[in-house]
Amino acid sequence: MSNTNRQVKLARRPAPGPLTRDVFTIEDGPIPEPGPGQFRVKIEYVSLDPAMRGWVNEGRSYIEPVPVGAVMRGYAAGYVEVSNHPEFKPGDAVQGLFGVQQYAVSDGKRVVKVDTNLAPLQRWVGGLGMPGWTAYFGLLEVGQPKPGETVVVSAAAGAVGSIVAQIAKLKGCRAVGIAGGPEKCRYLLDELGLDAAVDYKAGKLAADLKAACPHGIDVYFENVGGEILDTVLPLMNTFGRIPLCGLISAYNATTPPPGPRNLRCVLTQRLKIQGLIVFDWADRIDEAIHDLGQWYSEGKLKIREDVREGGLDAFPDVLNLLYTGGNHGKLVLKV
Ligand SMILES: NC(=O)c1ccc[n+]([C@@H]2O[C@H](COP(=O)([O-])OP(=O)(O)OC[C@H]3O[C@@H](n4cnc5c(N)ncnc54)[C@H](OP(=O)(O)O)[C@@H]3O)[C@@H](O)[C@H]2O)c1
């Protein structure tokens, strides 16, 4: 067992484009000791999230940029080792924004105790963790799906998208997923039981999406942006809703991405587009955990992770898989 704390730190602000290894340093520091009211977590899994690309950029966003020299921000799951906190005891399985490192000290704020009898630890940074909460509130609160409506979701085979699509089914909607490649589309149909799957890499997105949505689209859960958004807009029904959760197609752009060409549809079809950040429901996470956990325990919610080995040294390379579709399910790094 190592007696140091391996940490991934931000070495400098990156240039636009995919992150390179030299943006980060990997350092071994002392294992931190918890102070009064704190506990120490030994991290087992680090969550790799598309948002990490934005968190290292300078500029206005929904959260402060990770400071240069600081430990990279990241969700993680692990076990409490030592505790001076009355509500956390050694052995508790926990999930929180612990950072990309082997050990973290926490005061317990926004930390969730998780039930590893219900689901393995890594699932609590995936479908039962932040991506699941995003799907839950983004679809139900912003998308407001009604039974019988058609819900389309992009990046549908991924962490957020796969949960959105399944909740849409649970709420009595026609669920259509857009994903890249035949394997991911087969997963949507055969494993998740969606009504239709559209492979945007097959070269005929507009025709395939139209065929998959014979009654138009009422809710489009947006994870990607760019060409896919432009293709969806003309198919939206009057008074349709677009929860705008992510725009991953532009995260590594080296030139400003072109604006939507079909914005006129927002006017003519009276569409509502609303951005969302999961933190907006920080005080209601228990509701998402309860419902997602119940559906999962009843076998109504399928969740998969893509757990990568290689430890923290592999962090920059594994993270980049997200932006090329190299992940199959929630991307997680085993520490
Ligand atoms: N607003 C929030 O609070 C919040 C919280 C969590 C996540 N998000 C957003 O939700 C989205 C999904 O995140 P996730 O964690 O669930 O990741 P994910 O879907 O598990 O992985 C990302 C997927 O995006 C797709 N993708 C990447 N580049 C693409 C491109 N140029 N065109 C089309 N698809 C592309 C790939 O799937 P294919 O193989 O199908 O192309 C890839 O597997 C991201 O936009 C993320 O920023 C937002």
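For a straight C-alpha distance cut-off of 22 angstrom, the lysines reachable from LYS42 (same-chain residues fewer than eight places away being disregarded) are LYS9, LYS89, LYS109, LYS113, LYS330, LYS334. Less than 13 Å Cβ to Cβ from PHE24, Lys/Arg counted +1 and Asp/Glu -1: what total charge do the surrounding residues give? That works out to +3.
Loop-resident trypsin sites (Lys or Arg not before Pro) (DSSP state other than H, G, I, E or B) in region 87-125 with no more than 16 further Cβ atoms inside 10 Å of their Cβ: LYS109, ARG110. Per residue, the convex hull spanned by the Cα atoms of region 130-279 amounts to 107 cubic angstrom. Using a probe of 1.4 Å, the accessible surface attributed to HIS215 totals some 140 Å² when neighbouring protein chains are kept in position. In the chain, the longest principal axis of the Cα atoms and the axis of helix 285-297 are about 70 degrees apart. Percent of Cα pairs in the chain per distance bin of 10 Å, from zero to the largest separation: 6, 26, 33, 23, 10, 2, 0.
Taking a ≥ b ≥ c as the square roots of the eigenvalues of the alpha-carbon gyration tensor, region 188-228 is classed rounded because a/c is under 1.5. Between amide H atoms placed 1.01 Å from N, distances below 5 Å from ASP306 occur with LYS330, LEU331, VAL332, all of them 5 or more places distant or on a separate chain. Anisotropy class assigned to region 114-201 is oblate, per the alpha carbon gyration tensor with a/c at or over the 1.5 cut-off and a/b no larger than b/c. If you run the Gaussian network model on the chain, springs between alpha carbon atoms under 10 Å, then out of SER297, SER162, SER106 the most flexible one is SER297. Here the chain carries DSSP beta bridges of which approximately 55% are antiparallel, counting only pairs with both residues inside.
For region 130-279: lysine pairs with Cα atoms under 17 Å, gap of 8 or more or different chains, count?
Eligible lysine pairs with Cα atoms under 17 Å apart amount to 6.
Taking the longest Cα principal axis of the chain as reference, the axis of helix 159-170 is set at about 50 degrees.
Mean residue ellipticity at 222 nm, helices only, the chain: -5000 deg cm²/dmol; runs of at least 4 DSSP H residues each add -39,500 (n - 2.57), and the sum is divided by the number of residues.
Structural descriptor for region 1-124: relative contact order 29 percent, calculated from alpha carbon pairs under 8 angstrom and at least 6 residues apart.
Per the Debye formula on identical point scatterers at the alpha carbon atoms of region 209-335, with no solvent, log10 I(q)/I(0) at q = 0.21 Å⁻¹ is -1.25.
Our summary gives region 120-243 a relative contact order of 25 percent, counting only alpha carbon pairs under 8 angstrom and 6 or more residues apart.
Taking all Cα pairs closer than 8 Å and separated by 6 or more residues, the relative contact order of the chain comes to 18 percent.
For region 23-82, just say rounded, prolate or oblate: build the C-alpha gyration tensor, square-root its eigenvalues into a ≥ b ≥ c, call rounded for a/c under 1.5, and beyond that prolate if a/b exceeds b/c, oblate if not. Before the final figure, lay out each step's value.
Working: a/c = 1.91, a/b = 1.81, b/c = 1.06.
Taking the square roots of the gyration eigenvalues as a ≥ b ≥ c, region 23-82 is prolate.
For chymotrypsin sites (Phe, Trp or Tyr not before Pro), the sites in region 1-64 that DSSP calls loop and that have at most 14 other Cβ atoms within 10 Å are TYR62. I want to verify a result. In a Gaussian network model of the chain, Cα cutoff 10 Å, which of these has the top mean-square fluctuation: ALA314, ALA76, ALA202? Maximum fluctuation in the GNM of the chain, among the listed residues, is at ALA202.
Spread over its residues, the convex hull of the C-alpha atoms of region 131-178 is 51 Å³ per residue.
Ligands, DNA and RNA excluded, the heavy atoms of ARG261 present near 150 Å² of accessible surface to a 1.4 Å solvent probe.
The values are calculated or read from the model by the stated rules, or taken from the named source; none is laboratory data. On a predicted model such as this, the values are computed, not experimentally measured, just so you know. Glycine also receives a Cβ, built like all others from the backbone with ideal geometry; neighbour counts cover every protein chain displayed. The accessibility values were calculated without ligands, DNA or RNA, using every heavy atom of the protein model including side chains. Shrake-Rupley method; radii C 1.70, N 1.55, O 1.52, S 1.80 Å.
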